[in-house]
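Take a look at the structure set out below.
Just so you know, all these numbers are worked out from the coordinates, no wet-lab data involved. Keep in mind it's a predicted model, so treat the numbers as computed, not measured. As a convention, Cβ positions derive from the backbone with ideal geometry for all residues, glycine included, and neighbour counts pool all protein chains shown.
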There are 2 protein chains.
Amino acid sequence: MHETSLAGLTLRDIATRVGMQQPSLYAHFASKHAIYDAMFEQAWRAFLDYCREAVHDLPAAPRERLTAIAERYFDFAVADLARHQLMDVSVIPGFHPSPQAYAAAVEVYGVMQEELRGVGITSDQDADVYTALVSGLVSQQLANDPGGQRWRRLIPRVIGMFADDLNLPTGHTPRKAP
Amino acid sequence: MHETSLAGLTLRDIATRVGMQQPSLYAHFASKHAIYDAMFEQAWRAFLDYCREAVHDLPAAPRERLTAIAERYFDFAVADLARHQLMDVSVIPGFHPSPQAYAAAVEVYGVMQEELRGVGITSDQDADVYTALVSGLVSQQLANDPGGQRWRRLIPRVIGMFADDLNLPTGHTPRKAP
DNA sequence: GTCTATAGGAAGATAGAC
DNA sequence: GTCTATCTTCCTATAGAC
């Protein structure tokens, strides 16, 4: 899927990729939407694993920790445009994830909330701001500089702004004195 | 287009909408991609007009001005998911805008830059941050609360963070004292 | 479970009358 | 410029042998 675009994905593409003929897919999935649904859930579970596997190596200082999380989030999203579209943008004409698949996304949200609580961010609003900041950098990166680093480099700066706004403690002096 | 999704749009849909039969479209456009191209350009030109028509009524104070611009930007993007996908997300399998159509998007970028210079923001990096902030709110709004206001309400807060980071002057006292 | 064969439909594009 | 009719291609999905 990674190579063609998400909307242009066909069952023959998938079947070829896994070394099958196209009708054989129906022995495993009831419909094309069911395949999208499985991919949706798999993508979110992969993200969950990706988050969890990093959790031990993250810096302890809140500001640096938030930055590291943002960078991981960013890298995962930017690594695969089609996957990102499947997870976060509704581009498939009639597709809505099943409750089971959606549960994986909700679980990620819970992990993220917990992680944010760990650095002292408890309000939903603050969590919303944090996710919006990172997803903005992601969408600009994908839209305007795919494959580049132009927006990725802004992550420390943007998270720094956010941390300043919340008066989070830091090991460094702030970027700009008041 | 507004009602169906962008990727599911067919020539028959378009023709029906404008009261024609599908083949008649070929008297006006060479291909389906040519129609996408025209829509792409039209959307960006519409945004350009939408920006310019507001420019006289914007607040003069930098912080409030940035917020007002962000809210306009946000409202335009959120008003039509399919249009937003056409303008900012690559969802059409083989579609890349022609240089002529793309010029409209570049023109918008110029207007935006000029407007930012007007409030004292001259570096490309700062402009990148500003657009990332707004586009992040847009994508979260569309993905997680379509039709709602949950992320729109965060605009003053987020722009305030940005303005604080740049030490932009304001009419108000800052949200949080250091 | 996998295959070949094919149904059944919808898409983009073309031909040619008016 | 618009129409009807149709071409060609490609899709999802099903049937049925092995």
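Here region A:130-153 is the region considered, the condition is being more than 15 Å from the chain's Cα centre (by Cα) and within 28 Å of residue A:60 (Cβ to Cβ), and the residue that is farthest from the other protein chains (Cβ to nearest Cβ) is A:149. Do we find a residue being among the hydrophobic types (A, V, I, L, M, F, W, C), more than 16 Å from DNA strand C (Cβ to nearest atom) and surrounded by 12 or more Cβ atoms within 10 Å (Cβ to Cβ) anywhere in region A:15-38? The answer is no; no qualifying residue exists.
Of all the criteria given as (1) facing chain B (nearest Cβ under 10 Å); (2) surrounded by 14 or more Cβ atoms within 10 Å (Cβ to Cβ); (3) of a type in the set (Asp, Glu), the one not satisfied by residue A:107 is (1). One residue alone among A:91, A:78, A:55 is of a type outside the set (S, T, N, Q), away from DNA strand C (no atom under 16 Å from the Cβ) and under 30 Å from residue B:159 (Cβ atoms), and that residue is A:78. Listed here are the helices (runs of 4 or more DSSP H) enclosed by region A:12-97 that have at least 3 residues being over 11 Å from the mean Cα position of the chain (by Cα) and within 14 Å of DNA strand D (Cβ to nearest atom): A:32-54.
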